[in-house]
Amino acid sequence: MLLALIVALLSLPSSSSSLSPPSSLFGSFPAAAEDAVFAVTRRFNECPLPGKVSCGVGAYRDSQGRPFVLPSVASARAALAALPAGGWTHEYQPIGGPPAFAEAAQGLAFGPLLAGLAPRLGSVQSLSGTGALHLAVSLYAKFSPVGKVLFSDPTWGNHEAMFEAAGLEASTYRYLDPATPTTPSLDFAGLKEDLLSAPEGALVLLQACAHNPTGVDPSPEQWREIAAVCEERKLVPLLDNAYQGFASGCVETDAFAVRLFAERKIPCFVACSFAKNMGLYGERVGVLHVVAEDGEARDNAVSQLKIVARTTYSNPPSFGGRIVEGVLGDAGRREQWEEDLRGMAGRIVQMRERLRDGLERETGSSWKHITDQIGMFSYTGLTKEQVKACEEKGVFMLASGRVSMAGLNDANVDATAKVMADAIKGSSV
Ligand SMILES: Cc1ncc(COP(=O)(O)O)c(C=O)c1O
């Protein structure tokens, strides 16, 4: 009888057996810091100064500072809207995305290599570039016995956070030359030395083009050496391909590193985003490609990636994917898109020249690194204090001194150069 009572008491649900439940479950969770990039946008929106300049978040703006819908994308959107009833429904998509989307995305990333690569290439549609990275990192974390990852110092802030969330042991490889802090350039010897001493089987995050935040990319020859080191050390490259077409204005040129690894038959991940090169930021459309050793390895990897997808968001959204298919799969729109890309990249190059001119005029020293760097960002070399002084005058950038060039236009570039120059002069007195 007593024994039955004890058993009954022990089997009561824990909430009713606990005498002092926590006063607030959610209140007991520690608050997390606000995301650094979106915090800059928030402060920009709150700033009352007229003529304020937003160079924080990496989103393209037109010459009037407005968000930009690419004409090729607008055309694909109009074609979707014009479909007869039933032509486009809101059904679930396959977990890995539709085959037509995967084929279009593979063609863009691998171009002429695709035919030879197809038997060992697998692709899973993702929630933009971040989602593609998440799929790759989750797969590696789940199955790699090594569990280590290397990334450039510095890198995009979300990389490290993602590695930490996946429980990987993360470390950095050198990227910028410490001898030239105010005119950032690549420390290739340091980078190579660090990759050479990386443990076999480690994941290595490499940004395929338009390195964020520095705008400093390896040369083709340096890429060849990086690929050779990855091969020699049996590293697992994770190529973050978030800016294809945005760096040079040409999707083929910007695909150099991705195609180099594929051509050398180095098993790797390629995480692609259509946020920047199609301006589809909020649609969350991207893809993770797996270049595997053979067809069986590819099938294993893709089957596991689908498990990761299924247990996090289940199925990818369809709208953005349909737009991408509509742009890449139609010869006229594809041509228009390449024109759109040249236009965006060209405007950014012009802004680099204008900012450099303005800074050289205001400071009397060389700002050549601004025009040497490529892609959406410029790593100015400004210190945290100088960045703060700029923000007080209404020019917003990341604390690292990273400027999103897309935030500049004819109307604000000279004033921005003046604010930056004043901040530099102010900190040197
Ligand atoms: C280097 C890099 N990788 C990946 C991403 C992911 O972008 P999204 O998830 O918007 O495609 C970004 C966005 O800024 C980035 O800069």
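A short reminder: the numbers here are calculations on the coordinates, not readings from a lab. Predicted model, so just to flag it, every value in this text is computed and none were measured. Quick reminder, even Gly has a Cβ in these numbers, built from the backbone with ideal geometry, and neighbours come from all protein chains shown.
Looking across region 256-277 at every residue that is within 16 Å of the ligand (Cβ to nearest atom) and of a type in the set (A, V, I, L, M), the one that is surrounded by the most Cβ atoms within 10 Å (Cβ to Cβ) is identified as V270.
With respect to S365, determine if the residue is more than 30 Å from P99 (Cβ to Cβ) and assigned to a loop (DSSP other than H, G, I, E, B).
Details: more than 30 Å from P99 (Cβ to Cβ): yes; assigned to a loop (DSSP other than H, G, I, E, B): yes.
Yes; evaluated as a whole, the condition is true for this residue.
Considering only residues that are surrounded by fewer than 18 Cβ atoms within 10 Å (Cβ to Cβ) and over 19 Å from C272 (Cα atoms), look in region 315-341 and name the one that is nearest to the chain's Cα centre (by Cα). So, considering only residues that are surrounded by fewer than 18 Cβ atoms within 10 Å (Cβ to Cβ) and over 19 Å from C272 (Cα atoms), the one nearest to the chain's Cα centre (by Cα) is E339. If you go through region 385-413 and keep only what is more than 23 Å from the chain's Cα centre (by Cα), assigned to a helix (DSSP H, G or I) and closer than 20 Å to M344 by Cα, you end up with just V413.
Taken as a whole, the structure places E221 among residues that are away from the ligand (no atom under 15 Å from the Cβ) and free of Cβ contacts under 8 Å to residues at least 12 places away in the same chain. Note on region 103-149: residues that are closer than 22 Å to H211 by Cβ and surrounded by fewer than 22 Cβ atoms within 10 Å (Cβ to Cβ) total 3.
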